[in-house]
1. Write out, first by first residue and then by second, each pair whose Cβ atoms fall under 6 Å of each other, whose residues are 6+ apart or on separate chains, and whose first residue, in the range 331-357, is open to solvent by 40 Å² or more (accessible area, probe 1.4 Å) while the second is modelled with pLDDT of 95 or more and within 16 Å of the ligand (Cβ to nearest atom).
2. Mind checking which residues of the range 576-601 are open to solvent by 10 Å² or more (accessible area, probe 1.4 Å) and either part of a loop (DSSP other than H, G, I, E, B) or of a type in the set (Lys, Arg) (or both)?
3. Among the residues in the range 178-190, are any of a type in the set (D, E, K, R), surrounded by fewer than 22 Cβ atoms within 10 Å (Cβ to Cβ) and modelled with pLDDT of 95 or more?
4. Of all residues in the range 579-596, count the ones that are touching a helix residue (DSSP H, G or I) at 6+ places or on another chain (Cβ under 7 Å) and farther than 19 Å from ASP500 by Cβ.
5. Where residues in the range 124-156 are among the aliphatic types (A, V, I, L, M) and closer than 28 Å to TYR104 by Cα, which of them is surrounded by the most Cβ atoms within 10 Å (Cβ to Cβ)?
6. Only strands (runs of 3 or more DSSP E) wholly contained in the range 87-180 count here; list those with 1 or more residues that are aliphatic (A, V, I, L, M), farther than 24 Å from PRO253 by Cα and under 28 Å from the mean Cα position of the chain (by Cα).
7. Of everything in the range 418-441, what is within 26 Å of PHE539 (Cβ to Cβ) and either within 16 Å of the ligand (Cβ to nearest atom) or open to solvent by 10 Å² or more (accessible area, probe 1.4 Å) (or both)? Give them in sequence order.
8. I'd like to check something: does the range 185-206 contain any residue that is part of a loop (DSSP other than H, G, I, E, B) and of a type in the set (A, V, I, L, M, F, W, C)?
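The values are calculated or read from the model by the stated rules, or taken from the named source; none is laboratory data. Since this is a predicted model, take the numbers as computed values, not measurements. Backbone-built Cβ (ideal geometry, glycine too); neighbour counts: all protein chains shown. Surface areas here come from the heavy atoms of the whole protein model, side chains and all, with no ligands, DNA or RNA. Shrake-Rupley method; radii C 1.70, N 1.55, O 1.52, S 1.80 Å.
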Amino acid sequence: MNLLRSGTVAITLSAFFSFCVVSAAHAQTSILGFTPLSSARQSQIETKFKSIPSPEEERRQHRIFTAEPHVAGSKRNNELADYIAIEWRKQGLDEVVIRRYDVYGTNPKSASLEMIAPVRYQATLREAALDSDSDSNNPAISGAWLGMSISGEVTAPVIYAHSGNPEDYALLRKNGISVKGKIALVRYSNPYSYRGFKALTAQREGATAMLVYSDPQEDGYKKGTVVPDGPWGPEYHIQRGAITYDFMVPGDPQTPGWASVPGANRIPIEDAVSAPKIMALPLSWHDAKPFLENMDGPVAPKDWQGGLPFEYHLGGDRVKAHLKIEMDNGLQPYYVVEGRIRGSELPDEWVVMGNHRDAWVFGGVDPSSGTASMMELTRALGELKKQGIRPRRTLVVCSWDGEEVGLTGSTEWGEQFTDELRQKAVAYINVDSSASGPDFTGQAVASLAPMLEETTRSLNDPSGRTLYDAWKASVERKKKEGNASAQFNRSGAANQSLTDTRIGSGSDHTVFLNFIGMPVLGFEFDGDYGVYHSAYDDFLWMNHFGDPGYKYHMLMSQLWGVTALRLANADLLPFDFASYATNIRQFVDELAKGKDLNQLDLNPIRKEIDSFEAAGKVMNESLNRKLASGQIDPKLASSLNHGMMQVERNWLNPDGIPGRPWFKHILYGARFTYAHLELPGLTEAVEKQDWPTAKQQAEILEHALEKNAHLLNELSQRLKGQPFSASQLLN
Ligand SMILES: [Zn+2]
């Protein structure tokens, strides 16, 4: 999975402009967070760093990771963990360790699907080999399966339920069709809704099983030329995936909120809220077609029609199928590889980075493009270290396992080290897939959007522009094409940010943002990509379509490293809290827009946003003045930096959002579909018209804003050399 699959791409504004005005007046040549002197040194380090990654090495590493299927828990994926550890030690990383977590296993033993009426059809559940791609012949390629499906056997009628969302079943009911005891055939949808949400919906509707297929309209021939002649999904491609209800709680379902270290306490699987209670199987359109074309019942509505050359019907009793799925649910180890480059001056302040290693099959894009970029990132960091250049703060880098199953490796690791991360972590930078094309998307919490955009100005895009200019052009093009959300069009003029600050779930940043309260960033280069989670997402696909020259892989290594090195070397951390305040105001405006709030008073929140914004502006000015002076006492810097690190932690509510205690962040959450959800506790209460809860959630937000405004004011006073009370910073 990846960040971008967490919902529609939403581009928002930030207060970047106001910050530029402030900083331009002082140190035009300085990098955000650096004194003029350390800016010059940082630029030299970055130039050295950027010269190390090469497209040839990116390609060589990519081939190693895509040579064999390497699903979570498999022998090959575990061998790759060892390979990474060995490489990292050779590259010069410090303290490389492999951490083991024993988790609930979900591997396919067998699956079969047969249509028994009105005609017989045995589903292939396999992907066809291609003459032009020897990898597609690999006998280790799995058949069709979905992680966390239950085992079972059923014979029942099949009905067509469109995207499998609640409104789809409502329409079926209106047509007199109940799905109770039947098999629901649904399609992957555009815009994306997470297949686990489709499974939960089918389960709630009383369906006995869910089949989910890839309609050519979504990612196949209706979009463009298919594999092997183009990037889109061919007739037999199967989108595997997990259906874990990780929108309730991610990670091992039997250890919600604590780490699955060997011997850990485990709850029964029946009690696990993130474990589905329904059988589910993915299909290629080749296998879905016989079911769809034999259905009777009413003609499906226009927007339910798909790309296959016949009229889709809702179904009745005519099509019957026999489905049997056997899973192996034994406990199995997942392995997280962890390495670091110890900081030379501030070893107990950490910049954390990660990419997941496990893939549904070869993982050409998802995730092995990102893994290749990570290996070049670590090689370059190791080279710097060998030249005597260590970052000031510690860089921690992790290869996650089982991301595809339930964000499992990162969640367990994060749960294991929560306390330490809350003390030490500056930020987390996630790269899932690094490249399926040339269009850059950068996500960040709004306090880091200005530093991200500044960083992209210092990097060269293969198109010959700066990465910033290429990013801007692609955002503008998407806006014209209507791909960006409506929020974008509300932009003013010069002050628009390119950064996507609406962060849902769907990749390994989740535990760090939503459970631990760390600022997060995530990067990806995107393009036409119709083979997601299929066997055709492989080395050949990347070399023909995604990134044939491996230049975007290389640029990703450079961007990832430069961003990390800026966070690791900054004199004063480059947070912009005025920008954060502006972004939160937008969230509140959107929540209030066009809704009857039933006397829910948002004015106290708006007042606190104003205070937080004002405090952020003063802080920006004070920070810039201090940096421009070039004179910063290390003790002062340390207390300011730790104060700034506390801001994100202060957005956590220990009780979590109502009904989902694991998700503690009050600004960011995800809907069950994975779509981003801002002000999650408050928004969901308003949508349910649960006014007592809405009032309570509004007060929680108000108090967090107040606390952070107060914290920033304290820090600004400290910058001016005025006394402060330490106790107010540490609660
Ligand atoms: Zn992924």
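1. Pairs found: TYR335/ASP401.
2. ARG585, LYS593, GLY594, LYS595, ASP596, LEU597, ASN598, GLN599, LEU600, ASP601
3. Initially, the range 178-190 is screened for residues of a type in the set (D, E, K, R), giving 180, 182, 187.
Adding the requirement that they be surrounded by fewer than 22 Cβ atoms within 10 Å (Cβ to Cβ) leaves 180.
In the following step, the residues that additionally are modelled with pLDDT of 95 or more were identified as 180.
So far as the range 178-190 goes, yes, one or more of its residues are of a type in the set (D, E, K, R), surrounded by fewer than 22 Cβ atoms within 10 Å (Cβ to Cβ) and modelled with pLDDT of 95 or more.
4. 1
5. In the first step, residues of the range 124-156 are kept if they are among the aliphatic types (A, V, I, L, M); the result is 125, 128-130, 140-141, 144, 146, 148, 150, 154, 156.
Imposing the further condition that a residue be closer than 28 Å to TYR104 by Cα reduces the set to 125, 140-141, 144, 146, 148, 150, 154.
Values: LEU125: 20, ALA140: 13, ILE141: 20, ALA144: 25, LEU146: 27, MET148: 24, ILE150: 18, VAL154: 16.
Among those that are among the aliphatic types (A, V, I, L, M) and closer than 28 Å to TYR104 by Cα, it is LEU146.
6. The qualifying strands (runs of 3 or more DSSP E) are 94-104.
7. Within the range 418-441, ILE429, ASN430, VAL431, ASP432, SER433, SER434, ALA435, SER436, GLY437, PRO438, ASP439, THR441 qualify.
8. Of all residues in the range 185-206, those part of a loop (DSSP other than H, G, I, E, B) come to 188-194, 205-206.
If we keep only those that are of a type in the set (A, V, I, L, M, F, W, C) as well, we get none.
No; the residues of the range 185-206 include none that is part of a loop (DSSP other than H, G, I, E, B) and of a type in the set (A, V, I, L, M, F, W, C).
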